[in-house]
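The structure appears right after this line, and notes come after that.
The values are calculated or read from the model by the stated rules, or taken from the named source; none is laboratory data. In this text, all values refer to a predicted model and were calculated from it rather than measured experimentally. Positions of Cβ are backbone-derived with ideal geometry, glycine not excepted, and every protein chain shown enters the neighbour counts.
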Amino acid sequence: MKNKMTLRKKRENIAGFFFSLPCIIGFIMFAAIPMMVSLGLSFTDYNVINHSTFVGLDNYSKLFNGDDPYFYKSLKVTIYYVALSVPTSIIFSFSIAMLLNRDIKGKGIFRTLFYLPSIVPTVAISAIWLWVLNPDFGLANSILKSIGLSPSRWLTSEATVIPTLVFINLWTTGSTMVIFLAGMQDVPRQLIEAVEIDGGGFRTKLFHVIVPMMTPTIFYNVVMGFISGFQVFAQSYIMTSGGPNNSSLFYVFYLYREAFQFMRMGSACSIAWVLFIIIMIFTAILFKLQNKWVYYGGE
Amino acid sequence: MGKAKKILNKIIVYILVIFGGIACLIPLLWMFRSSLMNSVEIFMTPPKVFPSKVLWSNFTEVFELYPFLTYYKNSIILVVLIVFGTVITSSLCAYGLARIKWVGRNIVFACIMGSMMLPFAVTLIPTFIMFRKIGFTDSIIPLIVPAWLGGGAFYIFLLRQFFMTIPRDYDEAAYIDGAGHLKIYMKIILPLTKPAMAVVGVFSFLNTWNDFLGPLVYLNSESKYTVALGLQLFTGVYRSEWNLMMAASCLVVIPVIIVFIIGQRYFLEGLTMSGVKG
Amino acid sequence: MKMKKSKITALILAVALVMSGCSSSDDKTQQTTDTTAQTSTNTVTEATTVPKTTSGDPVEITFTYWGSGAEKEAIEASIATFEDAYPNIKVKGMHIPSEDFLTKLNAMIAAGETPDISYSASWKCQFGEDGLIYNFFDLAKGDPDLSVDKYLDTCWWNWSPTESAGPIMANVTTSLMYNADMFKEANVDLPPTTVDSAWSWEEFVDVAQQLTIDSSGRNAKDPNFDSNNISQYGIMFSPNWNVYMPFVYSNGGGYLNEDMTGLGLNDPAAAKVIQNFADLINVYHVAPTAIQSNSMPAAATALASKQAAMYIDGSWNHLDLSKAGINWGVGVLPINQNYTTFLDGGSLIVFKATEHLKETMLLYKWITNPESSAEITEMFRTIWLPVQKEYYTDAKKLDFWASEDLPARPTGFKDAVVLSTYENQVIATEIDVKNFNEINTLVNSSLDQVWSGDKTAEEAMTEVKDQVDSLVDGTYSGNRS
């Protein structure tokens, strides 16, 4: 008996390794090596077109001692954005998924419709938003004015630019919604029916069956929301160029600018590694906390 | 629950869904309308809903400026090779990480999660140089190989989450019947997680289709450019060919809509499967 | 293994080259005679001064560039005429999205696939300092076609007084554009086109007020004017250095301070000018509040849809204006003292990595010639201003690109754009100030507070001065800018 167990363990170890082998190779080639290279470069003043020279911790100390005018600002801006956008987009897309998971006619069409905004190319949808939200000529303000509300500055004022970007982001949460939808298919019908038979209302169904059963999916979306939120880039790159007055200077935009406009790849690598550590800490905390609320049927 | 209340509920649901659907459709329609206007008319105030003169010539002009048919061909080749690779290898890995208890699994999983946390901007050039050193110049192979080696942490993590919700008893029973892991993966796990697999397929399609940075860096010949890269050629600080850009955007979007309409059927299919579970 | 592979590819390549050389050489020469007969005399003389066969083997040059559809067509057409004239040279043109151009170029350089010749923006000076590109002065030595005094004096991208990345290739300047119908409706005289008759700033503001109209039809001079419901603005401007710097220079100010050790925009002479622009928005309400370039309608849209009557921005807008089907015009900038302006634009750089310098230089001359193809001529008749002096001094050559009979040229173009610029040009700020890209990123974001009315120009520029000063490193020319 004892012998059998260890044999199985051995087999499991081999099987597990071989199932994961492609991604282990992939990880080493496309993640580990480039990551090590960039870590090494973060201690140099490499500018891509020339040889690098070792500068020790200079790149890092420049960030933290305030010599770099953008570092703290962009960190603040990004954390503000993450704090606003993760909860809103999770709640919003979960509600939409609930709505679309109901027994309605033309489900397929509606699912496609709600997904559409996320597939419109970013350059095209950004042009449309910029035009709609233009404070002087845009549609949004003419509507606000016509119903007697005061117009907003939207993307052009320091106070409103991040909330506006969070709002725009809601339009593109289609992929989060799709993942929720897929997750909802795994919620056993019998459980929902059992609640219905017991006379439980919508709330009971939602908070005692659907949400608990979907915690792995919710957890996934929260983690990915954090990771991608910290790396948000396209919006400020295309729509605001980080402005006004750096109030939408997202961290990765700042990093990209450092790497490819100011041609300081070494310093860009150090900026990237600071972000890496921040995201890692956040993610580790989320994983530690998951035991408290995430329920895996297969454990 | 009262019948009247139920009907009222239904009506509210339909109203929400219809209005939401329209709100979601507007950007797309606006893009289409803009693709038929001249570049000045697009941004007129008060806005024009319909073009004063329908300019299908914007589309022909896009085709004259750039070989979009070739771009389509290139994108399709890329997408097919990448989507298959991603779906197959990411699900294999996810199975290894979710359903098999083995010594290295937590470390491997942590590494895979970690690989998502470093911004692309700093790994782009090192990876590129690595492929060049191996000898791939102006080739799509560097774009495809990663898909066949796990396909990206995003998908592995997603599938792992789905695989972990399936009760253990299933594979335990199969194991006692003498099934190996490959059989359990193929016969039990995959059929049960079709919605998730469809999601991965659609996402990897979409990401490949819209990615322009990879093709930009790896490809040198314009004859190898993809649709997304073709669209990117219309952007720029002093560019004002908004009408052409909108037309190109339409060209980019149409295949995606078709694929999504097909893909979402599989999200629905999951519904019938779930009866088996739990 | 690796050896084998490279040998095989080399073999295939050689076979392919020989085959393509054989099959196409006959009809190519045929084409050459055809096209040279058709193109202008200028091309013929250029083509004949250089021997047609520079060396025996066919040679491939890589040329990276960005630009609009029209620009792509122009470059492709010029490459085609070039290849016809030099059948032994193949040009691989790579059209790269402008936003990602430097990313791609960096990757190519890092991988040892540096192109031979490329478009370039202000980063070229760093390339020069890093020894990546040829000093144009060296290339031009002994070549009468590239003699330095053939080009306008202010149009040189130099990274030191003796080292140059070459003259501008695609010149543009700051331009005042307007919708003539809106002037007529408001019964206001059109902007003057000559420097001598230029408006003062006060006159300009007065005109802008008359042209700014609220939703009840009152203009901005009316005491009951409702600044919260404006339906038409008198003026729009892009909030960039290329718009305010001509005014700063004319007013005796500079981007840098007198001894070029720090920022100069905080000095009263410069800050006053920037404040004037901000006052158009916040005091006179004659300009829209959203002026970040991303959210602002371009000149053609704004003038055509009557969002604004006047627009100050780069002359690259002229092409779109000419296509917009409106009654538009150009005037001189409202500067009535010490009129100063500049020309600015990208240039072609030649990489030291090139193995075919001679052929690359032939291409350089070909592409920078405004008459190398009908399509490139069209670019000079719509967007670009030539950089060669003869196109300004020789009346016939001037008419070739600036004649007001050309469809994209409004009346007064020669005075308002060509002469006013030609006679009053200094080196553009972007070209002269070292570290400009980084300095201006700081300045621009700080100016956002001025445009929004939260701070005065002097306050904002004084605040940002410390950070800027650590980046200031003087100018390339050695003179104040």
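As an exercise: evaluate C:Leu280 against (1) in a loop (DSSP other than H, G, I, E, B); (2) within 30 Å of B:Glu241 (Cα to Cα); (3) over 24 Å from the mean Cα position of the chain (by Cα) and give the number of the one condition it does not meet.
Tallying (1) in a loop (DSSP other than H, G, I, E, B); (2) within 30 Å of B:Glu241 (Cα to Cα); (3) over 24 Å from the mean Cα position of the chain (by Cα), C:Leu280 fails exactly one: (1).
Select from the range C:79-96 the residues that are outside any helix (DSSP H, G or I), out of contact with any Ser or Thr (no Cβ under 7 Å at 6 or more places or on another chain) and more than 7 Å from every other protein chain (Cβ to nearest Cβ) and write down the one among them that is farthest from C:Ile61 (Cα to Cα).
Kept after step one, since they are outside any helix (DSSP H, G or I), are these residues of the range C:79-96: C:86-96.
Pick out the ones that are also out of contact with any Ser or Thr (no Cβ under 7 Å at 6 or more places or on another chain) and you get C:86, C:89-91, C:93, C:95.
When the remaining residues are screened for being more than 7 Å from every other protein chain (Cβ to nearest Cβ), the result is C:86, C:89-91, C:93.
Details: C:Tyr86: 12, C:Ile89: 7, C:Lys90: 6, C:Val91: 5, C:Gly93: 8 Å.
Checking each candidate, the answer is C:Tyr86.
Would you say A:Ala140 is modelled with pLDDT under 90, closer than 28 Å to C:Ser295 by Cβ and either within 10 Å of chain B (Cβ to nearest Cβ) or crowded, with 17+ Cβ neighbours inside 10 Å (or both)?
Working: modelled with pLDDT under 90: no; closer than 28 Å to C:Ser295 by Cβ: yes; either within 10 Å of chain B (Cβ to nearest Cβ) or crowded, with 17+ Cβ neighbours inside 10 Å (or both): yes.
No: the conditions fail for A:Ala140.
Return only the number of the condition from (1) in contact with a Gly (Cβ under 9 Å, 6 or more places away or on another chain); (2) assigned to a loop (DSSP other than H, G, I, E, B) that C:Tyr119 does not satisfy.
(2)
Taking the residues in the range B:12-59 that are outside any helix (DSSP H, G or I) and at the interface with chain A (Cβ under 7 Å from one of its Cβ atoms) as candidates, determine which candidate is surrounded by the most Cβ atoms within 10 Å (Cβ to Cβ).
Residues of the range B:12-59 that are outside any helix (DSSP H, G or I), as a first pass: B:35-40, B:44-56.
Now restrict to residues that are at the interface with chain A (Cβ under 7 Å from one of its Cβ atoms): B:45, B:47.
Values: B:Thr45: 20, B:Pro47: 17.
Looking at residues that are outside any helix (DSSP H, G or I) and at the interface with chain A (Cβ under 7 Å from one of its Cβ atoms), I get B:Thr45.
Restricting to strands (runs of 3 or more DSSP E) lying wholly in the range C:302-364: which have 1 or more residues that are within 14 Å of another protein chain (Cβ to nearest Cβ) and of a type in the set (Ser, Thr, Tyr)?
Numbers: elements: C:308-314, C:328-331, C:341-344, C:347-350.
Passing ranges, in order: C:308-314.
Mind checking which pairs have a first residue in the range A:97-124 that is on the phi < 0 side of the Ramachandran plot and a second that is of a type in the set (Val, Ile, Thr) and assigned to a loop (DSSP other than H, G, I, E, B), Cβ under 8 Å, 6 or more apart or different chains?
Going by the 8 Å Cβ cut-off, the qualifying pairs are A:Phe110/A:Ile104; A:Pro117/A:Thr172; A:Ser118/A:Thr172; A:Ser118/A:Thr173; A:Val123/B:Thr235.
Restricting to the range C:248-269, name every residue that is in contact with a strand residue (DSSP E or B) (Cβ under 9 Å, 6 or more places away or on another chain) and outside any loop (DSSP other than H, G, I, E, B). Outline the logic, then answer.
Start the filter on the range C:248-269 by keeping residues that are in contact with a strand residue (DSSP E or B) (Cβ under 9 Å, 6 or more places away or on another chain), which leaves C:249-250, C:255-257, C:260, C:262-265.
Scanning the range C:248-269 gives C:Tyr249, C:Ser250, C:Leu256, C:Leu263.
Among the residues of the range B:218-225, is any among the aliphatic types (A, V, I, L, M) and surrounded by 24 or more Cβ atoms within 10 Å (Cβ to Cβ)? First the steps, then the outcome.
Within the range B:218-225, the subset among the aliphatic types (A, V, I, L, M) is B:219.
Now restrict to residues that are surrounded by 24 or more Cβ atoms within 10 Å (Cβ to Cβ): none.
Looking for residues that are among the aliphatic types (A, V, I, L, M) and surrounded by 24 or more Cβ atoms within 10 Å (Cβ to Cβ), one finds none in the range B:218-225, hence no.
Between C:Thr32, C:Thr39, C:Thr43, which is β-branched (Val, Ile, Thr), in contact with a helix residue (DSSP H, G or I) (Cβ under 6 Å, 6 or more places away or on another chain) and at pLDDT below 95? Break it down into steps so the answer makes sense when it comes.
Details: C:Thr39 fails: in contact with a helix residue (DSSP H, G or I) (Cβ under 6 Å, 6 or more places away or on another chain); C:Thr43 fails: in contact with a helix residue (DSSP H, G or I) (Cβ under 6 Å, 6 or more places away or on another chain).
The conditions single out C:Thr32.
Does C:Thr194 fit the bill of being crowded, with 19+ Cβ neighbours inside 10 Å, of a type in the set (Ser, Thr, Tyr) and assigned by TED's automatic domain parsing to the domain that holds C:Ser305?
Working: crowded, with 19+ Cβ neighbours inside 10 Å: no; of a type in the set (Ser, Thr, Tyr): yes; assigned by TED's automatic domain parsing to the domain that holds C:Ser305: yes.
It is false that C:Thr194 is crowded, with 19+ Cβ neighbours inside 10 Å, of a type in the set (Ser, Thr, Tyr) and assigned by TED's automatic domain parsing to the domain that holds C:Ser305.
Got a sec? Which of C:Lys414, C:Lys455 is outside any strand (DSSP E or B), within 11 Å of chain A (Cβ to nearest Cβ) and modelled with pLDDT of 95 or more? Don't jump to the end; show me each part of the working.
Details: C:Lys414 fails: within 11 Å of chain A (Cβ to nearest Cβ).
Sole residue among the options that is outside any strand (DSSP E or B), within 11 Å of chain A (Cβ to nearest Cβ) and modelled with pLDDT of 95 or more: C:Lys455.
Looking at the range C:110-124, which of its residues are away from chain B (no Cβ under 12 Å) and among the small types (Gly, Ala, Ser)?
Of everything in the range C:110-124, those that are away from chain B (no Cβ under 12 Å) and among the small types (Gly, Ala, Ser) turn out to be C:Ser118, C:Ser120, C:Ser122.
Can you tell me which residue within the range B:60-96, out of those that are without any contact (Cβ under 8 Å) to a residue 40 or more places away in the chain and farther than 30 Å from B:Pro191 by Cβ, is nearest to the other protein chains (Cβ to nearest Cβ)?
If we take residues in the range B:60-96 being without any contact (Cβ under 8 Å) to a residue 40 or more places away in the chain and farther than 30 Å from B:Pro191 by Cβ, then B:Glu64 is nearest to the other protein chains (Cβ to nearest Cβ).
So which pairs qualify, if the first residue must be in the range C:97-109 and without any contact (Cβ under 8 Å) to a residue 60 or more places away in the chain and more than 7 Å from every other protein chain (Cβ to nearest Cβ), the second must be surrounded by 21 or more Cβ atoms within 10 Å (Cβ to Cβ) and of a type outside the set (Ser, Thr, Tyr), the Cβ gap must be under 7 Å, and the two must be at least 6 apart or on different chains?
Sorted first by the residue in the range C:97-109, then by its partner, the pairs are C:Phe101/C:Trp66; C:Met108/C:Pro115.
Determine whether the range B:151-168 contains at least one residue that is in a helix (DSSP H, G or I) and over 29 Å from B:Val259 (Cα atoms). Write out each step before concluding.
Applying the first criterion (in a helix (DSSP H, G or I)) to the range B:151-168 yields B:153-164.
Add one more test, that the residue is over 29 Å from B:Val259 (Cα atoms), and what stays is none.
No, the conditions are met nowhere in the range B:151-168.
Counting only residues that are part of a helix (DSSP H, G or I) and of a type in the set (A, V, I, L, M), which one in the range A:143-157 is nearest to A:Ile168 (Cα to Cα)? Explain how you work it out, then say what you get.
First pass over the range A:143-157, keeping only residues part of a helix (DSSP H, G or I): A:143-146, A:154-156.
Restricting the remaining residues to those that are of a type in the set (A, V, I, L, M) gives A:143-144, A:155.
Details: A:Ile143: 17, A:Leu144: 17, A:Leu155: 10 Å.
Among those that are part of a helix (DSSP H, G or I) and of a type in the set (A, V, I, L, M), it is A:Leu155.
Can you name the residue in the range C:123-153 that is over 17 Å from C:Thr368 (Cα atoms) and either surrounded by fewer than 17 Cβ atoms within 10 Å (Cβ to Cβ) or not assigned by TED's automatic domain parsing to the domain that holds C:Trp366 (or both) and is also farthest from the chain's Cα centre (by Cα) among such residues?
C:Gly142
Residues to consider are A:Leu84, A:Leu41; find the one that is in contact (Cβ under 8 Å) with a residue 24 or more places away in the chain and either more than 8 Å from chain B (Cβ to nearest Cβ) or among the charged types (D, E, K, R) (or both). Spell out how you get there, then give the answer.
Working: A:Leu41 fails: either more than 8 Å from chain B (Cβ to nearest Cβ) or among the charged types (D, E, K, R) (or both).
None of the others qualify; the one that does is A:Leu84.
So, A:Ser236, is that one within 11 Å of chain C (Cβ to nearest Cβ), in a loop (DSSP other than H, G, I, E, B) and touching a Leu at 6+ places or on another chain (Cβ under 8 Å) or not? Spell out how you get there, then give the answer.
Working: within 11 Å of chain C (Cβ to nearest Cβ): yes; in a loop (DSSP other than H, G, I, E, B): no; touching a Leu at 6+ places or on another chain (Cβ under 8 Å): yes.
So A:Ser236 fails the test.
Within the range A:110-118, is there a residue that is over 30 Å from B:Leu233 (Cα atoms) and either within 13 Å of another protein chain (Cβ to nearest Cβ) or not in a loop (DSSP other than H, G, I, E, B) (or both)?
In the first step, residues of the range A:110-118 are kept if they are over 30 Å from B:Leu233 (Cα atoms); the result is A:110-111.
Adding the requirement that they be either within 13 Å of another protein chain (Cβ to nearest Cβ) or not in a loop (DSSP other than H, G, I, E, B) (or both) leaves A:110-111.
Yes; the residues of the range A:110-118 include at least one that is over 30 Å from B:Leu233 (Cα atoms) and either within 13 Å of another protein chain (Cβ to nearest Cβ) or not in a loop (DSSP other than H, G, I, E, B) (or both).
Restricting to the range A:179-190, give me the number of residues that are at the interface with another protein chain (Cβ under 7 Å from one of its Cβ atoms) and part of a helix (DSSP H, G or I).
So the answer is 5.
Does any residue in the range B:167-191 that is within 9 Å of chain A (Cβ to nearest Cβ) come within less than 8 Å, Cβ to Cβ, of a residue that is surrounded by 12 or more Cβ atoms within 10 Å (Cβ to Cβ) and aromatic (Phe, Trp, Tyr) six or more places away or on a different chain, and which pairs are these?
As it stands, the answer is B:His181/A:Phe19; B:His181/B:Tyr95; B:Tyr185/A:Phe19; B:Tyr185/B:Tyr95, since those pairs meet every condition given.
If the Cβ limit is 7 Å and pairs must be 6+ apart or interchain, which residue in the range B:124-139 that is facing chain A (nearest Cβ under 8 Å) pairs with which residue that is buried (at least 20 other Cβ atoms within 10 Å of the Cβ) and part of a loop (DSSP other than H, G, I, E, B)?
Sorted first by the residue in the range B:124-139, then by its partner, the pairs are B:Ile125/A:Val48.
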